[in-house]
Amino acid sequence: MITLKTTHEDLLYLFKKDIILMTLDDWKLTTIIGSDSKNYLQNQITININELKEDNHRLCAHCNVNGKVWSSLRLFKFKENNYMYLQRKSVAHHQIKELKKYSIFSNINIFNETKIKLLGITGKRAKEKLKQYFSIIPNKNFPIYRQNNTIILWFNDPCERFLLIIKNVDFTLQKLLTLTKTINNSNMWLALDISSKHPIIDKKMSGKFFPQSLNLENLDGLDFKKGCYYGQETIAKIHFKKLNQYNLYWLIATSDQTIHIGEIIESENKNKWYRIGHVLAVAKINKKIKWIQAVLKIETKKHNKIRIKNNINSNLYIQS
């Protein structure tokens, strides 16, 4: 059986490397600009945008009128009347379409950025390497830094890591890409988000879950005092009446079979299998080990026997 100790060893192996560089091609950067951008976002997202500081980035959600999450967003203020957010590439087009629905009388423009590169960097010498190109490296007190054509976001979980947003024309991009001989794809950053329990919403699972089921309340991604926004009434009811029935889980699979987003997860009880949730994201660690993010019934415990529906070889193990 996979244990938490084994999982931590997997993480430590990654972070003992001097530098790990990842191209985040599975994410998209979206811009909303215009004199009404602040008020418009305030009526759409789950955090109070008036409390969003220019030197910070926040996780939040954009929900439908029923309180179900279209997409989880990593939001920050770029400059006056100009906000940006990161989300999964597969859902970006759909999310923008929903966000624009009520914009006809507002002075805003919403679009995906196309002339930028998203890079993830971690490793024990990551900060040292970044100092060669940037005068300031963001940290706990100032989690976001801007320099010329680059924006750097700082993360502290499950380890110190950095997300760089850099224009394609910037010569620094070419230098950064030579920091290591091996450039990883988005899979490794996805694994780090899974272990941090940052909700990952791809198109297939868009509009299916309340934010409380996606760990957003624990990640300071919900504000219950800001006033109205789409879905707010239902979301507040779930919070104050304690109606949430699901939680976000980090699982490990030991099967070499492919696991897909949206697949049903079952739990055994008295020799019968019952549906308890769905797969949100899958990151391949090696040939047989996969890290999975799933939404499961809140009463699911570590000792429960769980699997992918109708797949007897897909034993799943709950991590902390």
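The values are calculated or read from the model by the stated rules, or taken from the named source; none is laboratory data. In this text the structure is predicted, and so the values were computed from the model without any measurement. Virtual Cβ from ideal backbone geometry, glycine too; neighbours counted across all protein chains shown. Side chains are part of the model used for accessible areas, which takes the heavy atoms of the whole protein and leaves out ligands, DNA and RNA. Shrake-Rupley method; radii C 1.70, N 1.55, O 1.52, S 1.80 Å.
Consider the stretch 283-307. How many of its residues are of a type in the set (Lys, Arg), under 23 Å from Lys272 (Cβ atoms) and not in a loop (DSSP other than H, G, I, E, B)? Spell out the reasoning first.
Taking the stretch 283-307 and keeping what is of a type in the set (Lys, Arg), we get 284, 287-288, 290, 297, 301-302, 305, 307.
Right, trim to under 23 Å from Lys272 (Cβ atoms) and you get 297, 301-302, 305, 307.
Filter once more, so that each one left must be not in a loop (DSSP other than H, G, I, E, B): 297, 307.
Of the residues in the stretch 283-307, 2 are of a type in the set (Lys, Arg), under 23 Å from Lys272 (Cβ atoms) and not in a loop (DSSP other than H, G, I, E, B).
Among the residues of the stretch 73-97, how many are open to solvent by 10 Å² or more (accessible area, probe 1.4 Å), hydrophobic (A, V, I, L, M, F, W, C) and in a helix (DSSP H, G or I)?
So the answer is 1.
Answer yes or no as to whether Trp70 is open to solvent by 10 Å² or more (accessible area, probe 1.4 Å), under 20 Å from Thr234 (Cα atoms) and within 19 Å of the chain's Cα centre (by Cα). Outline the logic, then answer.
Details: open to solvent by 10 Å² or more (accessible area, probe 1.4 Å): yes; under 20 Å from Thr234 (Cα atoms): yes; within 19 Å of the chain's Cα centre (by Cα): yes.
Against the criterion (open to solvent by 10 Å² or more (accessible area, probe 1.4 Å), under 20 Å from Thr234 (Cα atoms) and within 19 Å of the chain's Cα centre (by Cα)), Trp70 qualifies.
So which pairs qualify, if the first residue must be in the stretch 276-287 and over 12 Å from Ile306 (Cβ atoms), the second must be of a type in the set (Lys, Arg), the Cβ gap must be under 7 Å, and the two must be at least 6 apart or on different chains?
Note: pairs meeting the criteria are Val282/Lys290; Ala283/Lys290; Lys284/Lys290.
Restricted to the stretch 248-282, and to residues that are among the charged types (D, E, K, R) and assigned to a strand (DSSP E or B), which residue is most open to solvent (accessible area, probe 1.4 Å)?
Our first condition is that a residue be among the charged types (D, E, K, R); within the stretch 248-282, this holds for 256, 263, 266, 268, 270, 272, 275.
When the remaining residues are screened for being assigned to a strand (DSSP E or B), the result is 266, 268, 272, 275.
Details: Glu266: 15, Glu268: 61, Lys272: 124, Arg275: 149 Å².
Selected residue: Arg275.
So which of Lys175, Lys140 is open to solvent by 60 Å² or more (accessible area, probe 1.4 Å), more than 19 Å from Asn112 (Cα to Cα) and in a helix (DSSP H, G or I)?
Of the residues listed, the single one that is open to solvent by 60 Å² or more (accessible area, probe 1.4 Å), more than 19 Å from Asn112 (Cα to Cα) and in a helix (DSSP H, G or I) is Lys175.
Scan the stretch 178-200 for residues that are among the polar types (S, T, N, Q) and either under 21 Å from Tyr145 (Cα atoms) or assigned to a loop (DSSP other than H, G, I, E, B) (or both) and report the count. Can you show your working first?
Taking the stretch 178-200 as the starting set, the residues that turn out to be among the polar types (S, T, N, Q) are 178, 180, 182, 184-187, 195-196.
Imposing the further condition that a residue be either under 21 Å from Tyr145 (Cα atoms) or assigned to a loop (DSSP other than H, G, I, E, B) (or both) reduces the set to 178, 180, 182, 185.
Within the stretch 178-200, residues that are among the polar types (S, T, N, Q) and either under 21 Å from Tyr145 (Cα atoms) or assigned to a loop (DSSP other than H, G, I, E, B) (or both) number 4.
If Ser320 satisfies every condition in (1) loosely packed, with under 15 Cβ neighbours inside 10 Å; (2) modelled with pLDDT of 95 or more; (3) in contact with a helix residue (DSSP H, G or I) (Cβ under 7 Å, 6 or more places away or on another chain) but one, which is the exception?
With respect to (1) loosely packed, with under 15 Cβ neighbours inside 10 Å; (2) modelled with pLDDT of 95 or more; (3) in contact with a helix residue (DSSP H, G or I) (Cβ under 7 Å, 6 or more places away or on another chain), Ser320 is out only on (2).
Here is a list of conditions, (1) within 19 Å of the chain's Cα centre (by Cα); (2) crowded, with 18+ Cβ neighbours inside 10 Å, and Ile110 meets all of them except one; can you say which number that is?
With (1) within 19 Å of the chain's Cα centre (by Cα); (2) crowded, with 18+ Cβ neighbours inside 10 Å applied to Ile110, the lone miss is (1).
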